[in-house]
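The values are calculated or read from the model by the stated rules, or taken from the named source; none is laboratory data. Values in this document were obtained by computation on a predicted structure and should not be read as measured data. Neighbour counts are summed over all protein chains in view; Cβ atoms, including those assigned to glycine, are modelled from backbone coordinates with ideal geometry.
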């Protein structure tokens, strides 16, 4: 059993933290509960639910690293609410692919990829201020690149549910984008031997096309599942529809040559919100056991066949893989404040997430499926990306080398900051910084090692 504080004010959160400190309770932070690895749940815990802290405001902001419009978003503001706010105020904001993920929660605290990332960077690159309640006496702290800089840095990519309870976040509010192109592509695997060979050759052509697509300003998600390929959603901010169509021409030509039927459509928008309302941004991303790997462009440029071999192993065993394809390096400004997101993101082309659907009838099958992802697919992708990384928000909960692949070179400093701002380890989460100081019993309760 767990108990929940339905917080609507900073004082609600502060009192909950003080109460947990007084009675030595496990404390869990939950905004919209999107964490795949259960960071927003905990047996016997006191949960602080920030879902209803949904205030929004637009301000003029000036700092050494940014001057311009900024949005102040409460901890419970969802991506859809953020995009609605941006649309109503004639601007652009970086938020999630999924409608219901909260911007200020583990999404941004873990890095946060977005339909806008190729244009503006990760969600964490937008952060100007964090307003947070820490585990030290329930203090309310404002963390910026110049004030409580260590806490700002740790919150900015060092993982959610770890350093304090975020009350709100102040983010960059960009000018409106009035030229937005989009597309979708679907094709199925033929049943003949020659057709299957041509199908995988078409997948190869598509993967080889990804660097040019991204360098041309696009961001897209592609899925290879048993029997079919889906490329959607696709978004090109400040990319003309004709240019987008041309970028898809190599794969469409390959499909035509192979006589593989396909469905391709493209469209043009003058604001982002109508595109975000489309069906491809409303896909169900729950009911999933998953794992992931960040892939540099060298994988699709130089190791395409090896990567396709991994994909085929997945689909032949009834799993699927999807790739969030983007570039979050070229948008960094020279005076951008340092953030703690894994540096490997800056050379990533694809955030590859591979998964199985949860089996509610045969629960043991879920463990077998996850073990396949951990023990078979994970090592194969690691071999393609030595010294690589995993996006902490879309990761295998059984990842053995989690400190290195989640946090990279930043882990040691993050642990020092964790001890400084949460000396009692009040904030625990699986795979979070400092979590190795605890063991979770079979009943879900924590014991300090």
**OP:** Inspect all residues belonging to the range 41-63 and state whether any of them is assigned to a loop (DSSP other than H, G, I, E, B), over 25 Å from residue 391 (Cβ atoms) and without any contact (Cβ under 8 Å) to a residue 24 or more places away in the chain.
**Re:** no
Original post:
Restricting the range 359-379 to residues that are at pLDDT 95 or above and more than 17 Å from residue 318 (Cβ to Cβ), which is nearest to the chain's Cα centre (by Cα)?
Top reply: 378
Subject >> Verdict on residue 212 being closer than 30 Å to residue 339 by Cα, assigned to a helix (DSSP H, G or I) and at pLDDT 95 or above >> reply: yes
Original post:
In the range 272-284, is there at least one residue being modelled with pLDDT under 95, touching a helix residue (DSSP H, G or I) at 6+ places or on another chain (Cβ under 8 Å) and buried (at least 20 other Cβ atoms within 10 Å of the Cβ)?
Top reply: yes
Original post:
Restricting attention to the range 432-449, which residues are at pLDDT below 95 and either in a loop (DSSP other than H, G, I, E, B) or closer than 12 Å to residue 42 by Cα (or both)?
Top reply: 440, 441, 442, 443, 444, 445, 446, 449
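How many of the residues making up the range 117-134 are outside any strand (DSSP E or B) and free of Cβ contacts under 8 Å to residues at least 60 places away in the same chain?
The total comes to 2.
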Original post:
So residue 80 clears everything in (1) in contact with a helix residue (DSSP H, G or I) (Cβ under 6 Å, 6 or more places away or on another chain); (2) at pLDDT 95 or above except one condition, right? Which one?
Top reply: (1)
**OP:** Take the range 83-105 and flag every residue that is in contact with a helix residue (DSSP H, G or I) (Cβ under 6 Å, 6 or more places away or on another chain) and assigned to a helix (DSSP H, G or I).
**Re:** 83, 87
Original post:
Of 114, 182, which residue is buried (at least 24 other Cβ atoms within 10 Å of the Cβ), in a strand (DSSP E or B) and touching a helix residue (DSSP H, G or I) at 6+ places or on another chain (Cβ under 9 Å)?
Top reply: 182
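Which one of these is surrounded by 22 or more Cβ atoms within 10 Å (Cβ to Cβ) and either in contact (Cβ under 8 Å) with a residue 60 or more places away in the chain or farther than 26 Å from residue 214 by Cα (or both): 159, 137? Walk me through how you get there before you give the answer.
On the way: 137 fails: surrounded by 22 or more Cβ atoms within 10 Å (Cβ to Cβ).
Only one candidate qualifies: 159.
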**OP:** Evaluate the range 332-341: report whether one residue or more is surrounded by 14 or more Cβ atoms within 10 Å (Cβ to Cβ), at pLDDT 95 or above, closer than 30 Å to residue 94 by Cβ and touching a strand residue (DSSP E or B) at 6+ places or on another chain (Cβ under 9 Å).
**Re:** yes
**OP:** Give the residue, chosen from 203, 166, that is at pLDDT 95 or above, at negative phi, crowded, with 19+ Cβ neighbours inside 10 Å and in a helix (DSSP H, G or I).
**Re:** 203
Original post:
Which is without any contact (Cβ under 8 Å) to a residue 40 or more places away in the chain and either touching a helix residue (DSSP H, G or I) at 6+ places or on another chain (Cβ under 7 Å) or farther than 24 Å from residue 282 by Cβ (or both), of 207, 212?
Top reply: 212
**OP:** Looking only at the range 35-55, count how many residues are surrounded by fewer than 22 Cβ atoms within 10 Å (Cβ to Cβ), over 10 Å from residue 4 (Cα atoms) and in contact with a helix residue (DSSP H, G or I) (Cβ under 7 Å, 6 or more places away or on another chain).
**Re:** 2
Original post:
Looking at the range 408-420, which of its residues are in contact with a helix residue (DSSP H, G or I) (Cβ under 6 Å, 6 or more places away or on another chain) and either crowded, with 22+ Cβ neighbours inside 10 Å or touching a residue at least 24 places away in the same chain (Cβ under 8 Å) (or both)?
Top reply: 408, 414, 417
Original post:
Restricting attention to the range 140-156, which residues are assigned to a loop (DSSP other than H, G, I, E, B) and either in contact with a strand residue (DSSP E or B) (Cβ under 9 Å, 6 or more places away or on another chain) or surrounded by 23 or more Cβ atoms within 10 Å (Cβ to Cβ) (or both)?
Top reply: 145, 148, 156
**OP:** For residues that are out of contact with any helix residue (DSSP H, G or I) (no Cβ under 9 Å at 6 or more places or on another chain) and more than 25 Å from residue 106 (Cβ to Cβ), scanning just the range 373-407, find the one that is surrounded by the fewest Cβ atoms within 10 Å (Cβ to Cβ).
**Re:** 386
